[in-house]
Amino acid sequence: MVAHCSDPHITCAGQSGLGDYLNKRLLGCLRWQLKRRHDQHDGLLTTLYEDLQRTRPDHIVVTGDLTHLSLPAEFAAARDWLQTMGTPEQVTVVPGNHDQYVRTEWRQSFAWWLPYMEGDMPLPQAVATDPGPGDIFPALRIRRDIALIGTSSARPSALHLATGAIGDRQLAKLETILQQLSGQPLFRILLIHHPPVNGVVSRRRSLTDAPSLQALIARYGVELILFGHAHKTARYFLPRPAGPIPVIGMPSVSSLERSDDQRARYCLYAIVRSADRWVVRMEERLLGADGMRFVAGPRREFIVPR
């Protein structure tokens, strides 16, 4: 069983020097003080942990925005949180746009998370000390009969923008991975932060090379795509010859919003293989009305052709 959560937005605003805010972070910090600190709370991550101890998934995926302002202290705090969730063998992470709010030094940022991001084949030593997104991603992890394919759409953007892009290098490597997996008896899950379909978020928050990714997916297929970023529950489909591909997004797992589609939640996927298809049983775990625990939410079942 795979658990999907997203956008914890771990915040350490006020714990860094003034120099860290002489950039886009200043606006992000102001937004946090004026609005987001009332809408999100890190304490829900403990509530999430307690519920995961009850549901006991085999693997956990986190689709980005672990930090809020990409501050060094936030990267370290997010690493500590990941360690409570499980080992790098049990948890897979892809970054989000808030994790690349501004350009950050590798040793003070993503180096903390590398064991949770890299694929089953470790990075060559020559690049492991300061890799770029195209060195780490796409990252392939195979867990039993599930292939987890992590991509990074995170990159610094201009003020008032939250766009993302995969880029030509990742797309080329992703094509190679999908070719290699073609015909294998694996349930392929693509992980990305930005929604790869149109209409989920505004243009200023979109995946700028979504058409290129969609064309690649239509050609080779995957069985499921999971994303974050939109801060709401979202269910879409992408076409492929064998049948539509479910594309599912989760809201922020630390959200205090009371509206149904934005309430903190995560999702569990039980995936069963049969002769010519995959049966996927999906259960949402949402924050209860008392704000103290996650409770059972909607359940769905869908069939994915093999």
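Laboratory data are not the source of any read-out in this text; all were calculated from the coordinates shown. Here the structure is a predicted model, which is why all the values come from computation and not from measurement. When we count neighbours, we look across all protein chains shown, and the Cβ atoms used for this are built from the backbone with ideal geometry, even at glycine.
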Legend entry - Which of F227, S202, I248, positive extreme of dipole for the range 198-306 (C-beta unit charges): S202
Legend entry - Percent of beta bridges antiparallel (DSSP, the chain, rounded to nearest 5): 60 percent
Inset, instruction - For a quick protection proxy, order the peptides 235-242, 261-268, 65-72, 183-190 by their average other-Cβ count within 10 Å, most packed first. - result: 65-72, 261-268, 183-190, 235-242
Legend entry - Segment T55-R107, length gained on full extension (0.36 nm per residue, minus Cα span): 15.3 nm
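Report, as a whole number in µm² per second, the diffusion coefficient that Stokes-Einstein gives for the range 158-232 at 10 °C and 1.306 mPa s using the Kirkwood radius over alpha carbon pairs.
Approximately 120 µm²/s, per Stokes-Einstein.
Around L178, what is the net charge, scoring Lys/Arg as +1 and Asp/Glu as -1 over all other residues with Cβ under 12 Å from its Cβ?
Here the charged neighbours net out to +2.
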Inset, instruction - Pull out the extension gain between V272 and H160, defined as 0.36 nm times the separation in residues minus the alpha carbon to alpha carbon distance; nm, one decimal. - result: 36.0 nm
Inset, instruction - Tally the DSSP beta bridges in the range 44-169 and give the antiparallel ones as a percent, rounded to 5. - result: 55 percent
Legend entry - Projected-area mean, the range 151-306, by convex hull of Cα positions, square nanometres: 9.8 nm²
Inset, instruction - Calculate one ³J(HN,Hα) per residue across the range 99-110 by plugging θ = phi - 60° into the Karplus curve 6.51 cos²θ - 1.76 cosθ + 1.60, and present them in order as whole Hz with x for glycine and proline. - result: 6, 10, 3, 9, 5, 10, 6, 3, 5, 9, 9, 5
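Please go through the range 86-149 and write out the trypsin sites (Lys or Arg not before Pro) that DSSP classes as loop and that have at most 13 other C-beta atoms within 10 Å.
Working: sites: R103, R107, R141, R143, R144; in loops: R103, R144.
In loop regions of the range 86-149 (DSSP not H, G, I, E or B), the sparsely surrounded trypsin sites (Lys or Arg not before Pro) are R103, R144.
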Legend entry - the chain pair-distance distribution - Cα-Cα, 20 Å bins, rounded %: 36, 60, 5
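When the gyration tensor of the range 141-186 is built from Cα positions, what are the square roots of 5 times its three eigenvalues, in whole Å, from largest to smallest?
Working: eigenvalues 167, 31, 7 Å².
With the √(5λ) rule applied to the range 141-186, the semi-axes are 29, 12, 6 Å.
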Legend entry - Cα-centre dipole for the range 197-306 with unit charges at Cβ (Lys and Arg positive, Asp and Glu negative), debye to 20: 100 debye
Inset, instruction - Run the dipole for the chain about the Cα centre, Lys and Arg Cβ at +1, Asp and Glu Cβ at -1, nothing else charged, and hand back the magnitude in debye, nearest 20. - result: 660 debye
Legend entry - Whole-angstrom gap from the range 41-91 to the range 100-171, using each part's C-alpha centre: 17 Å
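Given N residues in the range 223-270, what is Rg(Cα) / (2.2 N^0.38 Å)?
Dividing the Cα radius of gyration by 2.2 N^0.38 Å gives 1.27.
For the range 96-187, take the convex hull of the Cα atoms, compute a quarter of its surface area, and give me that in nm², please. Don't skip to the end; give the middle numbers.
Details: hull surface 26.5 nm².
Computing the convex hull of the Cα atoms and averaging its projections yields 6.6 nm².
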